[in-house]
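Comments concern the structure below.
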Amino acid sequence: MKYPEYRPRRMRRDIKLRGLVEETFLSVKQLIYPVFVKDMEEERIPIPSMPDIYQFSIEGVLKEVEEVIELSIPAILLFGIPKEKDEVGSEAYNKNGIVQRAVREIKKRFKEDILVITDVCMCEYTSHGHCGVIREGDVENDETVKLLAKSALSHVMAGADMVAPSDMMDGRIKAIREILDLHGDYRIPIMSYAAKYASSLYGPFRDAAESAPKFGDRRSYQMDPKNQREALREIELDIEEGADIIMVKPALFYLDVLALAKERFNIPLAAYSVSGEYTMLKLAASKGFIEYRRGVLEMMTSIKRAGADMIITYFAKDVAKWLKEHTL
Ligand code: PBG
Ligand code: ZN
């Protein structure tokens, strides 16, 4: 049947008709909110390149998490900014490091009311800002993997509900799974930043996490934006090594990768809508050039439509509010 008998506009005439044929749904159950915790006196410090996002002290984080729980957001993704940095990122695996202490406090206070997922990486903790140990001008893979495994275990020992390695070293999922299992933590899932691209969109995050590399860039470990098959290979390897959730990052510029991953793999799929995606929309909206709510919801919907199960997003609190008010 075709025009004039068939008319697609018939099903778009009215909001209820449109509702009947909706194909994509947002749910607060699948939102994860990133949170930055810093070893500092001030309760919170705004991040200039990320409007409405803050670095928090442990006290500040507790208040923020309370708000997150209030909004029914199930999980936070926690990043730490230590007082001291060194060549080998010692604070990343210090059992009294900033993330480890924050996790302990959050779990003590809120127990099962929130899932605490910790980002596992070295770049916030190394003096040079790279995601691992530097040998001869580049990140040394295998040495770094050992430290990442140690970091992950220290997070879990502090009470983390899940770990999320974001470093892109080869073999780190296997090493983390092994160390956790050896310690009896076989119940703790690993969310792997499996297909993480060397993206321009991380700029604002690096202000927030104070993690910009002091020399060079991350292209010897993060993926080349030109490659799609390579992402599938990375994901496949991480599944074999024991990842429970795989992630594509960034989201918006990589929806093709998300869609392919969804089609190819039978495993929960996360999308990280990164800092640059947030800031682009936030700034355009603050100038009145883009309608904020419609823009955010369209962005989130497109990520879901492409195939993501869960979305890690700085917009999580706003989306949760809108969902609560039933105003989508
Ligand atoms: C660190 C890390 C980065 C992000 C999450 N973990 C940035 C980077 O690789 O420099 C980016 C998140 C964002 O931009 O919101 N390994
Ligand atoms: Zn890193």
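Partners of LYS196 within straight-line reach, counting lysines whose Cα lies under 19 Å from its Cα and excluding those fewer than 8 residues away in the same chain: LYS174, LYS226, LYS249, LYS262, LYS304.
Hey, in the GNM for the chain with a 10 angstrom Cα cutoff, which one of SER200, SER192, SER72 fluctuates hardest? Top of the fluctuation ranking is SER200. Per residue, the average separation of C-alpha pairs within less than 8 Å and at least 6 apart gives the chain a relative contact order of 18 percent.
Computed from label points 7 Å out along Cα-Cβ, the spacing between ARG12 and SER127 is 6.1 nm. Kirkwood's formula applied to the C-alpha pairs of region 24-324 gives a hydrodynamic radius of 19.1 angstrom. Taking the DSSP beta bridges with both ends in region 24-324, the antiparallel portion is around 15 percent.
Peptides 313-322, 280-289, 9-18, 124-133: what's the order by average Cβ count within 10 Å, highest mean first?
Values: 313-322: 21.1, 280-289: 13.9, 9-18: 9.3, 124-133: 22.9.
Listed from highest to lowest mean packing, they are 124-133, 313-322, 280-289, 9-18.
The residues packed around ASN96, meaning those with a beta-carbon under 13 Å from its beta-carbon, carry a net charge of 0 if Lys and Arg are +1 and Asp and Glu are -1. Between ILE245, PHE289, GLY19, whose Cα lies farthest towards the positive end of the dipole of the chain when Lys and Arg beta carbons carry +1 and Asp and Glu beta carbons carry -1, centred on the Cα centre? Of ILE245, PHE289, GLY19, it is GLY19.
Of the beta bridges in region 49-208, as assigned by DSSP with both residues counted there, near 15 percent are antiparallel.
Applying both filters, DSSP loop and at most 11 other Cβ atoms within 10 Å, to the chymotrypsin sites (Phe, Trp or Tyr not before Pro) of region 142-209 gives TYR186.
Quick note: the coordinates plus some simple rules give every number you see, no bench work behind them. Note that the coordinates shown come from a computational prediction; the quantities given were computed from them, not determined experimentally. Please note: Cβ atoms are built from the backbone with ideal geometry, for glycine as well, and neighbour counts cover all protein chains shown.
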